[in-house]
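Undergrad: The structure follows.
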Amino acid sequence: MASMSARSDRTRIVIVTLTVIIGLAVASIPLIASVFSEPTAQPPAASSSAASPSSEPDATSPSSEAVTVDNPVMCPDPGDAGAVASTIAEDAELKDVFLPCLTDGGQQGQTSLAEQWAGKPTVVNVWAWWCGPCRDELPVMQQLAENNPQWNVVGVHLDAKAQAGVDFLKELEVTKFASYQDSNHTFDAATAIPKVVPVTLVYNPDGTRAELFVRTFDDVQEMQQLVAQAVGEA
(Lines give C-alpha, C1' and ligand atoms only; values in the text may rest on other atoms or scores of the structure.)
Protein backbone atom coordinates (compact mmCIF):
# COMPACT_ATOMS: atom_id res chain seq x y z
CA MET A 1 0.00 0.00 0.00
CA ALA A 2 2.84 2.36 0.84
CA SER A 3 4.42 1.61 -2.51
CA MET A 4 1.18 2.36 -4.35
CA SER A 5 0.76 5.59 -2.38
CA ALA A 6 4.29 6.69 -3.30
CA ARG A 7 3.62 5.99 -6.97
CA SER A 8 0.38 7.96 -6.75
CA ASP A 9 2.21 10.93 -5.20
CA ARG A 10 4.85 10.85 -7.91
CA THR A 11 2.13 10.75 -10.58
CA ARG A 12 0.44 13.78 -9.08
CA ILE A 13 3.76 15.63 -8.95
CA VAL A 14 4.45 14.82 -12.61
CA ILE A 15 0.97 15.97 -13.63
CA VAL A 16 1.31 19.24 -11.68
CA THR A 17 4.76 19.84 -13.14
CA LEU A 18 3.55 19.23 -16.70
CA THR A 19 0.55 21.50 -16.10
CA VAL A 20 2.81 24.32 -14.92
CA ILE A 21 5.18 23.88 -17.88
CA ILE A 22 2.30 23.87 -20.39
CA GLY A 23 0.76 26.93 -18.73
CA LEU A 24 4.02 28.85 -18.91
CA ALA A 25 4.46 27.89 -22.57
CA VAL A 26 0.95 29.07 -23.47
CA ALA A 27 1.44 32.36 -21.58
CA SER A 28 4.70 33.08 -23.43
CA ILE A 29 3.16 32.81 -26.92
CA PRO A 30 1.98 36.48 -27.13
CA LEU A 31 5.37 37.70 -25.93
CA ILE A 32 7.23 35.63 -28.54
CA ALA A 33 4.83 36.78 -31.26
CA SER A 34 5.32 40.45 -30.36
CA VAL A 35 9.09 40.11 -30.52
CA PHE A 36 9.19 38.53 -33.97
CA SER A 37 6.25 40.28 -35.65
CA GLU A 38 6.85 43.18 -38.10
CA PRO A 39 5.30 46.58 -37.27
CA THR A 40 2.72 47.88 -39.73
CA ALA A 41 3.15 51.44 -40.95
CA GLN A 42 -0.09 53.34 -41.47
CA PRO A 43 -0.23 56.24 -43.97
CA PRO A 44 -1.80 59.52 -42.82
CA ALA A 45 -5.59 59.35 -43.01
CA ALA A 46 -7.55 62.04 -44.85
CA SER A 47 -10.84 63.33 -43.49
CA SER A 48 -13.62 64.96 -45.50
CA SER A 49 -12.32 68.48 -44.86
CA ALA A 50 -8.67 68.28 -43.80
CA ALA A 51 -5.94 65.72 -43.22
CA SER A 52 -3.17 65.67 -40.65
CA PRO A 53 0.45 65.48 -41.81
CA SER A 54 3.20 64.08 -39.64
CA SER A 55 4.25 66.70 -37.13
CA GLU A 56 7.82 65.42 -36.94
CA PRO A 57 10.44 66.62 -39.48
CA ASP A 58 12.14 63.96 -41.58
CA ALA A 59 15.79 64.81 -41.06
CA THR A 60 16.90 62.11 -43.50
CA SER A 61 15.15 63.72 -46.47
CA PRO A 62 16.73 67.04 -47.49
CA SER A 63 14.35 69.67 -48.81
CA SER A 64 16.62 70.07 -51.86
CA GLU A 65 15.87 66.54 -53.10
CA ALA A 66 16.07 66.42 -56.90
CA VAL A 67 12.86 65.37 -58.64
CA THR A 68 11.89 64.60 -62.22
CA VAL A 69 9.58 67.22 -63.73
CA ASP A 70 8.23 66.75 -67.27
CA ASN A 71 7.23 70.39 -67.76
CA PRO A 72 9.08 72.63 -65.29
CA VAL A 73 6.97 75.31 -63.62
CA MET A 74 9.08 78.10 -62.16
CA CYS A 75 8.35 79.63 -58.79
CA PRO A 76 8.18 83.47 -58.62
CA ASP A 77 11.37 85.30 -59.54
CA PRO A 78 12.23 88.12 -57.12
CA GLY A 79 14.09 90.09 -59.79
CA ASP A 80 16.33 92.65 -58.11
CA ALA A 81 16.66 91.16 -54.61
CA GLY A 82 18.17 94.35 -53.22
CA ALA A 83 15.24 96.43 -54.40
CA VAL A 84 12.56 94.08 -53.14
CA ALA A 85 14.20 93.65 -49.74
CA SER A 86 13.42 97.26 -48.89
CA THR A 87 9.70 96.61 -49.42
CA ILE A 88 9.50 93.75 -46.92
CA ALA A 89 8.07 94.50 -43.49
CA GLU A 90 10.14 93.84 -40.39
CA ASP A 91 7.53 91.39 -39.11
CA ALA A 92 7.23 89.44 -42.37
CA GLU A 93 7.18 85.87 -41.05
CA LEU A 94 8.82 84.32 -44.12
CA LYS A 95 11.78 86.67 -44.55
CA ASP A 96 14.16 83.97 -43.30
CA VAL A 97 12.45 80.96 -44.88
CA PHE A 98 14.12 79.32 -47.91
CA LEU A 99 12.52 76.45 -49.83
CA PRO A 100 13.32 74.78 -53.16
CA CYS A 101 10.83 75.04 -56.00
CA LEU A 102 9.29 71.58 -56.38
CA THR A 103 7.90 72.15 -59.85
CA ASP A 104 11.15 73.13 -61.55
CA GLY A 105 13.17 70.16 -60.29
CA GLY A 106 13.79 70.90 -56.63
CA GLN A 107 16.68 73.38 -56.75
CA GLN A 108 17.21 75.36 -53.54
CA GLY A 109 16.33 79.03 -53.89
CA GLN A 110 18.87 81.72 -53.01
CA THR A 111 16.28 84.21 -51.77
CA SER A 112 13.69 83.94 -49.03
CA LEU A 113 10.03 83.37 -49.75
CA ALA A 114 9.23 86.90 -48.56
CA GLU A 115 11.73 88.31 -51.08
CA GLN A 116 10.39 86.17 -53.91
CA TRP A 117 6.82 87.28 -53.27
CA ALA A 118 7.48 90.94 -52.44
CA GLY A 119 5.49 93.54 -54.34
CA LYS A 120 2.43 91.36 -55.03
CA PRO A 121 -0.32 89.87 -52.89
CA THR A 122 0.41 86.17 -52.46
CA VAL A 123 -1.84 83.17 -51.99
CA VAL A 124 -0.12 80.09 -50.55
CA ASN A 125 -1.85 76.72 -50.55
CA VAL A 126 -0.29 74.08 -48.26
CA TRP A 127 -0.95 70.55 -49.55
CA ALA A 128 0.37 66.98 -49.55
CA TRP A 129 0.31 64.16 -52.09
CA TRP A 130 -1.71 61.82 -49.83
CA CYS A 131 -4.38 64.40 -48.93
CA GLY A 132 -7.88 63.62 -50.22
CA PRO A 133 -9.30 67.17 -49.93
CA CYS A 134 -6.20 68.51 -51.72
CA ARG A 135 -7.15 66.40 -54.72
CA ASP A 136 -10.30 68.51 -55.12
CA GLU A 137 -8.73 71.85 -54.23
CA LEU A 138 -5.51 71.92 -56.27
CA PRO A 139 -7.30 72.34 -59.63
CA VAL A 140 -9.12 75.32 -58.10
CA MET A 141 -5.75 76.81 -57.07
CA GLN A 142 -4.39 76.41 -60.59
CA GLN A 143 -7.45 78.16 -61.99
CA LEU A 144 -7.09 80.96 -59.41
CA ALA A 145 -3.48 81.47 -60.53
CA GLU A 146 -4.43 81.57 -64.21
CA ASN A 147 -7.27 84.04 -63.56
CA ASN A 148 -5.19 86.40 -61.41
CA PRO A 149 -1.70 87.12 -62.80
CA GLN A 150 -1.58 90.20 -60.53
CA TRP A 151 -1.15 87.83 -57.57
CA ASN A 152 1.45 85.21 -56.71
CA VAL A 153 -0.53 81.98 -56.33
CA VAL A 154 1.72 79.12 -55.20
CA GLY A 155 1.68 75.88 -53.28
CA VAL A 156 3.84 74.34 -50.57
CA HIS A 157 4.08 70.54 -50.64
CA LEU A 158 4.34 69.57 -46.97
CA ASP A 159 5.78 66.06 -47.16
CA ALA A 160 9.24 64.51 -47.48
CA LYS A 161 8.33 62.56 -50.64
CA ALA A 162 8.97 65.26 -53.24
CA GLN A 163 8.59 63.01 -56.28
CA ALA A 164 5.24 61.77 -54.99
CA GLY A 165 4.14 65.41 -54.89
CA VAL A 166 5.19 65.99 -58.51
CA ASP A 167 3.44 62.78 -59.61
CA PHE A 168 0.30 63.85 -57.75
CA LEU A 169 0.17 67.17 -59.59
CA LYS A 170 0.68 65.37 -62.89
CA GLU A 171 -2.12 62.91 -62.09
CA LEU A 172 -4.48 65.82 -61.36
CA GLU A 173 -3.29 67.69 -64.49
CA VAL A 174 -2.27 70.57 -62.25
CA THR A 175 0.86 71.17 -64.30
CA LYS A 176 0.84 74.98 -64.41
CA PHE A 177 0.86 75.59 -60.67
CA ALA A 178 4.16 76.59 -59.04
CA SER A 179 4.82 74.77 -55.77
CA TYR A 180 7.65 74.64 -53.26
CA GLN A 181 8.96 71.53 -51.50
CA ASP A 182 9.02 71.40 -47.69
CA SER A 183 10.48 68.10 -46.47
CA ASN A 184 11.36 69.30 -42.98
CA HIS A 185 8.29 71.29 -41.89
CA THR A 186 10.09 74.60 -42.29
CA PHE A 187 7.04 76.48 -43.55
CA ASP A 188 4.54 75.33 -40.94
CA ALA A 189 7.08 75.91 -38.17
CA ALA A 190 7.59 79.52 -39.30
CA THR A 191 3.88 80.20 -39.72
CA ALA A 192 2.51 78.13 -36.80
CA ILE A 193 -0.38 76.97 -38.96
CA PRO A 194 -2.65 74.11 -37.82
CA LYS A 195 -1.25 70.62 -38.40
CA VAL A 196 -3.70 69.85 -41.20
CA VAL A 197 -3.83 70.12 -44.98
CA PRO A 198 -5.07 71.83 -47.01
CA VAL A 199 -4.48 75.26 -45.48
CA THR A 200 -4.38 78.51 -47.45
CA LEU A 201 -2.62 81.71 -46.38
CA VAL A 202 -2.83 85.16 -47.96
CA TYR A 203 0.03 87.67 -47.68
CA ASN A 204 0.17 91.38 -48.38
CA PRO A 205 2.81 92.70 -50.83
CA ASP A 206 5.09 93.58 -47.88
CA GLY A 207 5.08 90.00 -46.60
CA THR A 208 2.72 90.49 -43.67
CA ARG A 209 -0.07 87.97 -43.31
CA ALA A 210 -3.52 89.10 -44.43
CA GLU A 211 -5.63 85.96 -43.91
CA LEU A 212 -5.62 82.26 -43.02
CA PHE A 213 -8.17 79.77 -44.35
CA VAL A 214 -8.36 76.34 -42.71
CA ARG A 215 -10.82 74.85 -45.16
CA THR A 216 -11.13 73.34 -48.62
CA PHE A 217 -12.17 75.53 -51.56
CA ASP A 218 -14.19 74.09 -54.45
CA ASP A 219 -15.31 77.37 -56.06
CA VAL A 220 -12.70 79.61 -57.66
CA GLN A 221 -15.03 82.62 -57.71
CA GLU A 222 -15.65 82.41 -53.98
CA MET A 223 -11.95 82.08 -53.29
CA GLN A 224 -11.08 84.99 -55.57
CA GLN A 225 -13.56 87.21 -53.74
CA LEU A 226 -12.21 86.27 -50.30
CA VAL A 227 -8.59 86.85 -51.34
CA ALA A 228 -9.45 90.23 -52.87
CA GLN A 229 -11.16 91.24 -49.62
CA ALA A 230 -8.18 90.09 -47.57
CA VAL A 231 -5.69 92.24 -49.52
CA GLY A 232 -7.98 95.26 -49.82
CA GLU A 233 -8.86 94.90 -53.51
CA ALA A 234 -12.59 94.36 -53.06
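The values are calculated or read from the model by the stated rules, or taken from the named source; none is laboratory data. Just so you know, these numbers come straight off a predicted model, no measurement behind them. Because the Cβ atoms are built from the backbone with ideal geometry, glycine has one as well, and the counts that use them run over all protein chains shown. Quick note on the areas: whole protein, heavy atoms, side chains included, nothing else; ligands and nucleic acids left out. Shrake-Rupley method; radii C 1.70, N 1.55, O 1.52, S 1.80 Å.
Undergrad: Give the accessible area for Asp96 in Å² (nearest 10); use a 1.4 Å probe, count only protein heavy atoms, and leave out ligands, DNA and RNA.
TA: About 120 Å², rounded to the nearest 10.
Undergrad: Amide H to amide H, which residues 5 or more places from Glu93 or on other chains are under 5 Å from it, using H placed in the peptide plane?
TA: Residues meeting the amide H criterion: Arg209.
Undergrad: Now for a separate question. How much length is gained if the chain between Asp167 and Gln221 is pulled fully straight, taking 0.36 nm per residue apart and subtracting their Cα-Cα distance, in nm to one decimal?
TA: 16.7 nm
Undergrad: Which order, highest average first, do 186-196, 128-138 follow once you tally other Cβ atoms within 10 Å for each residue and take the mean per peptide?
TA: 128-138, 186-196
Undergrad: Additional query: What whole number of Å gives the distance from the Cα centroid of region 170-234 to the Cα centroid of region 89-144?
TA: Using only Cα atoms to place each centre, the spacing works out to 8 Å.
Undergrad: Can you give me the long-range amide H partners of Val199? Hydrogens built in the peptide plane at 1.01 Å from N, cutoff under 5 Å, separation of 5 or more residues or another chain.
TA: Here Val126 satisfy the definition.
Undergrad: For region 139-234, which GluC sites (Glu not before Pro) are both in a DSSP coil and crowded by at most 11 other Cβ atoms within 10 Å?
TA: Glu173
Undergrad: Can you list the residues, at least 5 places off or on another chain, whose amide H is less than 5 Å from the amide H of Gln107, using H built in the peptide plane?
TA: Hits under the 5 Å cutoff: Cys101.
Undergrad: Taking only protein heavy atoms into account and a 1.4 Å probe, give the accessible area per residue of region 102-231 in Å².
TA: 36
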